[in-house]
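Asks: First the structure, which I've put down as structure tokens, then a few questions once you've had a look.
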Amino acid sequence: MSTLVQSGVPSHLVRDDGSYNLIAIIDGAGANKQFISNLQVINVQRQALGEIRTKVASLPKESADEKAQYTKRAAEIEASLVKNMEFMTKSYGYSIQHNYLLIPVKANILEKAKDEEGKPSDDETKATLVKNILSTEEYDHFEQLRQSYAKESGEGGDSAKAEEVAGQLKVDYSFDVKGNYILQITKGALYASVK
């Protein structure tokens, strides 16, 4: 826990939806990308397992063969899910009993490069760094501006306010609302809800 305290990140947060304790610092762009990808895989597996179990429960008794196929598939997904959950628990202290917050502590705003056809590429290695975000507060401010722009530029929004926010994004973050960017988290703080 001493390395967590030394990270300069608060060990406890209180939000509108409850209290959270710091359980891990995830350092590096690759590690944060992998963590987010792992979470997405687990969520897809949990959803698929739930859907299959619902399907099995709704099948009539005379559908024994179909029920057996679904049950076998559910067992395969569950085995993979258990393996993935064990990895997440060992690596990050992750448990399905808690809600989590991944708070970016440091991030990069990367402008996407264009491929041979002139389309934006998702390859981070070819992107251009336009801004380093060096604190949680700076990251939150950036996200608030982006949300404000999305709201004001949408239907029923205030176009003058949208232009003002777009200008602030450009000045503060070198972020053009018409551009194509990748937000790369380079240091994240993982918090678990306190029951």
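Asks: Given contacts defined as C-alpha pairs under 8 Å and at least six residues apart, what's the relative contact order of the chain, whole-number percent?
Replies: For the chain, the relative contact order is 32 percent.
Asks: For the stretch 158-166, in order, what is each residue's ³J(HN,Hα) by Karplus, 6.51 cos²θ - 1.76 cosθ + 1.60 with θ = phi - 60°, in whole Hz (x at glycine and Pro)?
Replies: 9, 5, 5, 5, 4, 5, 4, 5, 4
Asks: Report the gain in length on full extension from Lys55 to Arg73: 0.36 nm times residue separation, minus Cα-Cα distance, nm rounded to one decimal.
Replies: Working it through step by step, the gained length comes to 5.3 nm.
Asks: Asn99's amide H: which non-local residues (gap 5+, or another chain) put their own amide H closer than 5 Å, with H modeled 1.01 Å from N in plane and none for Pro or chain starts?
Replies: Ser193
Asks: Could you pull out every residue, at least 5 positions away or on a different chain, whose amide H is within less than 5 Å of the one on Ala24? Hs are placed 1.01 Å off N in the peptide plane, and Pro or chain starts have none.
Replies: Those lying under 5 Å, H to H, from Ala24 are Leu190.
Asks: Along the stretch 183-195, what does the Karplus equation 6.51 cos²θ - 1.76 cosθ + 1.60 (θ = phi - 60°) give for ³J(HN,Hα), rounded to whole Hz, x for Gly and Pro?
Replies: So the Karplus estimates, Gly and Pro as x, are 9, 9, 7, 9, 8, x, 10, 9, 10, 10, 5, 9, 8 Hz.
Asks: Sequence gap at least 6, Cα distance under 8 Å: using those rules, report the relative contact order of the stretch 33-97 to the nearest whole percent.
Replies: With pairs under 8 Å counted, the relative contact order is 36 percent.
Asks: Straight distance only, please: which aspartates and glutamates reach the Cα of Lys72 with their own Cα at less than 18 Å, same-chain residues fewer than 8 apart left out?
Replies: Once the sequence-local aspartates and glutamates are set aside, what remains near Lys72 is Glu51, Glu62.
Asks: Show the residues, 5+ positions off or on another chain, whose built amide H is closer than 5 Å to the amide H of Ala113.
Replies: Answer set, sorted by chain and number: Ser121, Ala127, Thr128.
Asks: Answer with one residue from Ser121, Thr54, Val105: the one whose Cα lies farthest towards the positive end of the charge dipole of the chain, charges on Cβ with Lys, Arg +1 and Asp, Glu -1.
Replies: Going by the charge dipole, the pick is Thr54.
Asks: Hey, another quick one. Out of the stretch 102-195, which GluC sites (Glu not before Pro) are coil in DSSP terms and have no more than 13 other C-beta atoms within 10 Å?
Replies: Answer in residue order: Glu116, Glu117, Glu155.
Asks: Roughly how far apart, in whole Å, are the Cα centres of the stretch 169-195 and the stretch 135-149?
Replies: Between the Cα centre of the stretch 169-195 and that of the stretch 135-149, the gap is 7 Å.
Asks: Just to confirm, what accessible area per residue do you get for the chain at 1.4 Å probe, in whole Å²?
Replies: Accessible area per residue, the chain: 63 Å².
Asks: May I pose another question? Of Lys33/Lys126; Lys114/Lys178; Lys119/Lys187, which sit over 26 Å apart, Cα to Cα?
Replies: Lys119/Lys187
Asks: Ignoring ligands, DNA and RNA, what percent of the accessible area of the stretch 1-97 is carbon or sulfur (1.4 Å)?
Replies: The value for the stretch 1-97 is 53 percent carbon and sulfur by accessible area.
Asks: Which value in deg cm²/dmol, rounded to the nearest 500, describes the helix-derived mean residue ellipticity at 222 nm for the chain, given -39,500 (n - 2.57) per DSSP H run of n ≥ 4 and division by the residue count?
Replies: -17000 deg cm²/dmol
Asks: Based on the Cα atoms of the stretch 47-195, what semi-axes does the equivalent ellipsoid have, where each is the square root of 5 times one gyration tensor eigenvalue, given in whole Å with the largest first?
Replies: Equivalent ellipsoid semi-axes, largest first: 42, 21, 18 Å.
Asks: Still on this structure, I have one more. From the backbone phi of the stretch 55-72, what are the Karplus-calculated ³J(HN,Hα) couplings (6.51 cos²θ - 1.76 cosθ + 1.60, θ = phi - 60°) in whole Hz, Gly and Pro given as x?
Replies: 4, 4, 5, 8, 6, x, 4, 6, 9, 4, 5, 5, 4, 5, 5, 5, 5, 5
Asks: Hey, got the dipole for the chain? About the Cα centre, +1 on K and R Cβ, -1 on D and E Cβ, debye to the nearest 20?
Replies: My answer is approximately 740 debye.
The values are calculated or read from the model by the stated rules, or taken from the named source; none is laboratory data. None of the values given here were measured: they were computed from a predicted structure. Every residue, glycine as well, gets a Cβ built from its backbone with ideal geometry; the counts of neighbours run over all protein chains shown. Calculation scope for accessible area: heavy atoms of the full protein, side chains included, ligands and nucleic acids excluded. Shrake-Rupley method; radii C 1.70, N 1.55, O 1.52, S 1.80 Å.
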